[in-house]
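Shown next, in structure tokens, is the structure this report addresses.
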Amino acid sequence: MNPGKFSRLITFLILIFFYIPIFVVIMFSFNASKSPVWVGFSFMWYKELFTSSYTIWKAFLNSIIVAISASFVATVLGTLGAIGLYWGKFKGKDYIWIISYLPLIIPDIIIGVSLLIFFVFIKMKLSLLTIFIAHVTFSLPYALMIVFSRLQDFEYSIIEAAYDLGATEEIALFKVIVPISFPGILAAFFMSLTLSIDDFVITFFVAGPGSTTLPLKIYSMIRFGISPTINAISTLMLVGTIVMSIFMRKYLRYIF
Amino acid sequence: MKYITAYTLWLVVFFVIPLIIILSFSFLEKTPYGGVNFSFSLEGYKSLLTIGYLRILWRTVWISIISTFITIIFALPTAYYIAKSKFKNFLLLLVVIPFWTNSLIRIYAWIFVLGNNGIINQFLKLIGLVDSHIQFLYNPWAVILVIVYTYLPYAIIPLYAAIERLDNSIFEAALDLGCSKRKAFFKVLIPNIKAGLVASIIFVLIPAMGSYAIPDLVGGVNSKMIGNEIARQLTTAKNWPAASAISSILTLITLLGVIIFVKSSKKEVLN
């Protein structure tokens, strides 16, 4: 059944709806005026962003530090978890699936609030470390599921074949399992990276003074009202998003 | 078994235990500057039984349901068109880009367009149509608009995946047997993509229920949602048992919702 005119019209309208606000934000990042009335083309807001916005770059650096470290840990633990879940024979696999699905279902704000209360309860000072712990926590289930779905694409018999041919567990792991799941491992890493750089709500609760990440910084700037500097940051982040979307496209099927 | 130990341990310590802590704290006494006394109390829950709270809870539910409904209505034809299009890779990319775009930027884009100092108001002022501004934002409908904008890609992608997997011949069979296109949509397409539809609804409804940033930035005093109230209890009011109680209730509502929803849709598919 070919789609009719109706669904074509809706798709067209939805894409306009998606892109008009984004396009307007990009356009006015090049405006030569502080107020959102077009006066002429200028790079002045980018110049300001690159020369006199120390706190924004500090926040950006914090985001990068947390994103890379948390994604690395989440990918390693998630990959090992997926291999264990796929390979191992043990009871209680259902419980592992339940605690993996729950963080995806429960609203972010609950994860943020419960971690904040937990950190205060165990008297842990809020800092980049608490943000790192939170980011590993919400990335882990995604990492596990992405690697697991990659593993499922292969017959379990290739592991048995490796064993039959005399492979030890280490050899089977590093010469068979890790290489075949590598695209999944890479996808898990980039997924965690994106989730981490993107997260606002959970970070908002577990961040302490001096551990502002880029989304927290953008949030406090938005609260002060619209400013062309935010448009300039948004434009740069959008460019990053578009590059990443093209790159991630072929891995998206491991997520859905 | 040993490979999964670290993963499981991490989630137990930093996810399961914190949830157990807030559930327990919701039954304890508050101390004036945040924190709790370890004696049993139902004050946390009792403080929620006020008109103000019930109003916020009710508002959260209706805003979330209306947003989800609007989102699905628009996501279905879009996902269908993309799945059947010759340019589906390109169209899918156009949906995926907003999906990966930072949510604060997407909220900001609407403040930039519709805000009191936004481009529409500046334009209206320039042509002399208004003196100061029209307040488009800071009401529940602005919250719904931005929720729909934020979560539409989350609904389109699973629906697209479900439609794409379908065998086209079932439609041909239906049409050959004299079924109208509209009837084929409701009687053939919808029942066959139920799993994708359930996933889409969950992906929109649950984050909508837990919204914090959207009502905080584009909502007014009359559009605060449960998420804003949790944050207020935790930070300004320093009432941990109350914050824990609301969080526990929100968790319970979403979990029950998901379980009932997934179970009932499974049953229908089997029938």
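The values are calculated or read from the model by the stated rules, or taken from the named source; none is laboratory data. As the structure is a prediction and not an experimental result, all values here were calculated from the model. Counting neighbours? That spans all protein chains shown, and the Cβs are built from the backbone with ideal geometry, glycine included. When the accessible area is computed, the model is the full protein with side chains, heavy atoms only, and any ligands, DNA or RNA have been set aside. Shrake-Rupley method; radii C 1.70, N 1.55, O 1.52, S 1.80 Å.
Which residue, of A:Ser33, A:Ser53, is more than 14 Å from chain B (Cβ to nearest Cβ), surrounded by 13 or more Cβ atoms within 10 Å (Cβ to Cβ) and at pLDDT below 90?
Numbers: A:Ser33 fails: more than 14 Å from chain B (Cβ to nearest Cβ).
Only one candidate passes the filter, namely A:Ser53.
Sort out which residues of the range B:30-62 are part of a strand (DSSP E or B) and surrounded by 15 or more Cβ atoms within 10 Å (Cβ to Cβ), and write them in order of number. Full working, then the answer.
Narrowing the range B:30-62 to residues part of a strand (DSSP E or B): B:30, B:36-40.
Answer for the range B:30-62, where residues must be part of a strand (DSSP E or B) and surrounded by 15 or more Cβ atoms within 10 Å (Cβ to Cβ): B:Lys30, B:Val36.
Which condition breaks for A:Gly92 when tested against (1) surrounded by fewer than 23 Cβ atoms within 10 Å (Cβ to Cβ); (2) small (Gly, Ala, Ser); (3) closer than 30 Å to B:Thr31 by Cβ?
(3)
Within the range A:30-50, track down each residue that is of a type in the set (A, V, I, L, M, F, W, C) and out of contact with any strand residue (DSSP E or B) (no Cβ under 7 Å at 6 or more places or on another chain). Break it down into steps so the answer makes sense when it comes.
First, pick out the residues of the range A:30-50 that are of a type in the set (A, V, I, L, M, F, W, C): A:30, A:32, A:37-39, A:41, A:43-45, A:49-50.
The answer is A:Val37, A:Phe41, A:Phe43, A:Met44, A:Trp45, A:Leu49, A:Phe50.
How many of the residues making up the range A:135-177 are in a helix (DSSP H, G or I) and touching a residue at least 12 places away in the same chain (Cβ under 8 Å)?
Residues of the range A:135-177 in a helix (DSSP H, G or I): A:135-152, A:157-164, A:169-177.
With touching a residue at least 12 places away in the same chain (Cβ under 8 Å) added as a condition, the list becomes A:135-152, A:158-159, A:162, A:172-173, A:175-177.
Looking only at that region, the number is 26.
Let's see how each residue does on (1) away from chain A (no Cβ under 13 Å); (2) hydrophobic (A, V, I, L, M, F, W, C):
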site: B:Phe14; (1), (2): no, yes
site: B:Ile17; (1), (2): no, yes
site: B:Phe25; (1), (2): no, yes
site: B:Pro32; (1), (2): yes, no
site: B:Leu49; (1), (2): yes, yes
site: B:Ser67; (1), (2): yes, no
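Report every pair of residues separated by at least 6 positions or lying on different chains whose Cβ atoms are under 9 Å apart, first residue within the range A:14-37 and not assigned by TED's automatic domain parsing to the domain that holds A:Leu236, second open to solvent by 50 Å² or more (accessible area, probe 1.4 Å) and modelled with pLDDT of 95 or more.
A:Ile14/B:Phe74; A:Phe17/B:Phe74
Please go through the range B:234-250 and give me each residue that is in a helix (DSSP H, G or I), over 21 Å from A:Ser220 (Cβ atoms) and either of a type outside the set (Ser, Thr, Tyr) or out of contact with any Leu (no Cβ under 9 Å at 6 or more places or on another chain) (or both), ordered by number. Break it down stepwise before answering.
Restricting attention to the range B:234-250, the residues satisfying the condition of being in a helix (DSSP H, G or I) are B:234-235, B:240-250.
Checking which are over 21 Å from A:Ser220 (Cβ atoms) leaves us with B:240-250.
Selection gives B:Trp240, B:Pro241, B:Ala242, B:Ala243, B:Ala245, B:Ile246, B:Ile249, B:Leu250.
Residue-wise test of (1) within 11 Å of another protein chain (Cβ to nearest Cβ); (2) in contact with a strand residue (DSSP E or B) (Cβ under 9 Å, 6 or more places away or on another chain); (3) open to solvent by 30 Å² or more (accessible area, probe 1.4 Å).
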site	(1), (2), (3)
B:Ile107	yes, no, no
B:Asn117	yes, no, yes
B:Leu124	no, no, no
B:Leu129	no, no, yes
B:Ile134	no, no, yes
B:Trp141	no, no, yes
B:Ile156	yes, no, no
B:Ile163	yes, no, no
B:Asp167	no, no, yes
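Which of the residues that make up the range A:38-50 are open to solvent by 90 Å² or more (accessible area, probe 1.4 Å) and in contact (Cβ under 8 Å) with a residue 12 or more places away in the chain? So that I can check it myself, show each step before the final result.
Filtering the range A:38-50 down to residues open to solvent by 90 Å² or more (accessible area, probe 1.4 Å) leaves A:38-39, A:41, A:43, A:47, A:50.
Within the range A:38-50, just A:Phe43 meets the criteria.
Go through (1) in contact (Cβ under 8 Å) with a residue 12 or more places away in the chain; (2) outside any helix (DSSP H, G or I); (3) of a type outside the set (Asp, Glu) one by one and return the number of the condition A:Tyr219 breaks.
Of everything listed in (1) in contact (Cβ under 8 Å) with a residue 12 or more places away in the chain; (2) outside any helix (DSSP H, G or I); (3) of a type outside the set (Asp, Glu), A:Tyr219 misses just condition (2).
Does B:Ile253 satisfy the condition of being closer than 25 Å to A:Asp108 by Cα and modelled with pLDDT of 95 or more?
Working: closer than 25 Å to A:Asp108 by Cα: yes; modelled with pLDDT of 95 or more: no.
It is false that B:Ile253 is closer than 25 Å to A:Asp108 by Cα and modelled with pLDDT of 95 or more.
Take A:Ala67 and tell me if it is assigned to a helix (DSSP H, G or I), closer than 25 Å to A:Gly240 by Cα, at the interface with another protein chain (Cβ under 10 Å from one of its Cβ atoms) and at pLDDT 95 or above.
no
Looking at the range B:17-29 only, could you name the residues that are under 27 Å from A:Phe138 (Cα atoms) and open to solvent by 40 Å² or more (accessible area, probe 1.4 Å)?
Let us first name the residues in the range B:17-29 that are under 27 Å from A:Phe138 (Cα atoms), namely B:17-27.
Those that are under 27 Å from A:Phe138 (Cα atoms) and open to solvent by 40 Å² or more (accessible area, probe 1.4 Å): B:Ile17, B:Ile20, B:Leu23, B:Ser24, B:Phe27.
Looking at (1) open to solvent by less than 80 Å² (accessible area, probe 1.4 Å); (2) outside the structural domain of A:Ile131 (by TED's automatic domain parsing); (3) not hydroxyl-bearing (Ser, Thr, Tyr), can you tell me which one A:Ala59 breaks?
Status for A:Ala59: all satisfied but (2).
Can you tell me how many residues in the range B:232-255 are under 16 Å from the mean Cα position of the chain (by Cα), open to solvent by 20 Å² or more (accessible area, probe 1.4 Å) and of a type outside the set (Val, Ile, Thr)?
Going through the range B:232-255 one residue at a time, the tally reaches 2.
Identify the single condition in (1) within 10 Å of chain A (Cβ to nearest Cβ); (2) more than 27 Å from A:Ala207 (Cα to Cα); (3) at pLDDT 85 or above that B:Ile201 does not satisfy, given that it satisfies every other one.
B:Ile201 satisfies every listed condition except (1).
Identify, by number, the condition in (1) under 15 Å from the mean Cα position of the chain (by Cα); (2) open to solvent by less than 20 Å² (accessible area, probe 1.4 Å) that B:Ile66 doesn't meet.
All conditions pass for B:Ile66, except number (2).
Within the range A:93-104, identify whether any single residue is at the interface with chain B (Cβ under 7 Å from one of its Cβ atoms) and more than 25 Å from the chain's Cα centre (by Cα), and answer yes or no.
Checking the range A:93-104: not a single residue is at the interface with chain B (Cβ under 7 Å from one of its Cβ atoms) and more than 25 Å from the chain's Cα centre (by Cα).
Would you check which residues across the range A:208-242 are aliphatic (A, V, I, L, M) and open to solvent by less than 20 Å² (accessible area, probe 1.4 Å) and list them? Talk me through it step by step, then tell me what you get.
Going through the range A:208-242, the residues aliphatic (A, V, I, L, M) turn out to be A:214, A:216, A:218, A:221-222, A:226, A:230, A:232-233, A:236-239, A:242.
Of everything in the range A:208-242, those that are aliphatic (A, V, I, L, M) and open to solvent by less than 20 Å² (accessible area, probe 1.4 Å) turn out to be A:Leu214, A:Ile218, A:Ile222, A:Ile230, A:Ala232, A:Ile233, A:Leu238.
Could you pull out the residue among B:Ala75, B:Ala79, B:Ala83 that is touching a Gly at 6+ places or on another chain (Cβ under 9 Å) and of a type in the set (Gly, Ala, Ser)? Spell out the reasoning first.
On the way: B:Ala75 fails: touching a Gly at 6+ places or on another chain (Cβ under 9 Å); B:Ala83 fails: touching a Gly at 6+ places or on another chain (Cβ under 9 Å).
Residue meeting the stated conditions: B:Ala79.
Quick one: which residue in B:Thr78, B:Thr71 is more than 10 Å from chain A (Cβ to nearest Cβ), in a helix (DSSP H, G or I), under 22 Å from B:Ser200 (Cβ atoms) and β-branched (Val, Ile, Thr)? Break it down stepwise before answering.
Numbers: B:Thr78 fails: more than 10 Å from chain A (Cβ to nearest Cβ).
It is B:Thr71.
Suppose we keep only residues that are basic (Lys, Arg) and touching a residue at least 12 places away in the same chain (Cβ under 8 Å) within the range B:180-224. Which one would you say is farthest from B:Lys263 (Cα to Cα)? Before you say what the answer is, go through the steps one by one.
Taking the range B:180-224 as the starting set, the residues that turn out to be basic (Lys, Arg) are B:181-183, B:187, B:194, B:224.
Still in the running and touching a residue at least 12 places away in the same chain (Cβ under 8 Å): B:187, B:194, B:224.
Details: B:Lys187: 21, B:Lys194: 12, B:Lys224: 31 Å.
In this case the residue turns out to be B:Lys224.
Answer yes if at least one residue in the range B:87-109 is over 20 Å from the mean Cα position of the chain (by Cα), more than 27 Å from A:Thr229 (Cα to Cα), in a loop (DSSP other than H, G, I, E, B) and free of Cβ contacts under 8 Å to residues at least 12 places away in the same chain, and no otherwise. Full working, then the answer.
Step one: filter the range B:87-109 for residues over 20 Å from the mean Cα position of the chain (by Cα), giving B:87-94.
Now drop any that are not more than 27 Å from A:Thr229 (Cα to Cα), which leaves B:87-93.
If we keep only those that are in a loop (DSSP other than H, G, I, E, B) as well, we get B:87.
Add one more test, that the residue is free of Cβ contacts under 8 Å to residues at least 12 places away in the same chain, and what stays is B:87.
Among the residues of the range B:87-109, at least one is over 20 Å from the mean Cα position of the chain (by Cα), more than 27 Å from A:Thr229 (Cα to Cα), in a loop (DSSP other than H, G, I, E, B) and free of Cβ contacts under 8 Å to residues at least 12 places away in the same chain, which makes the answer yes.
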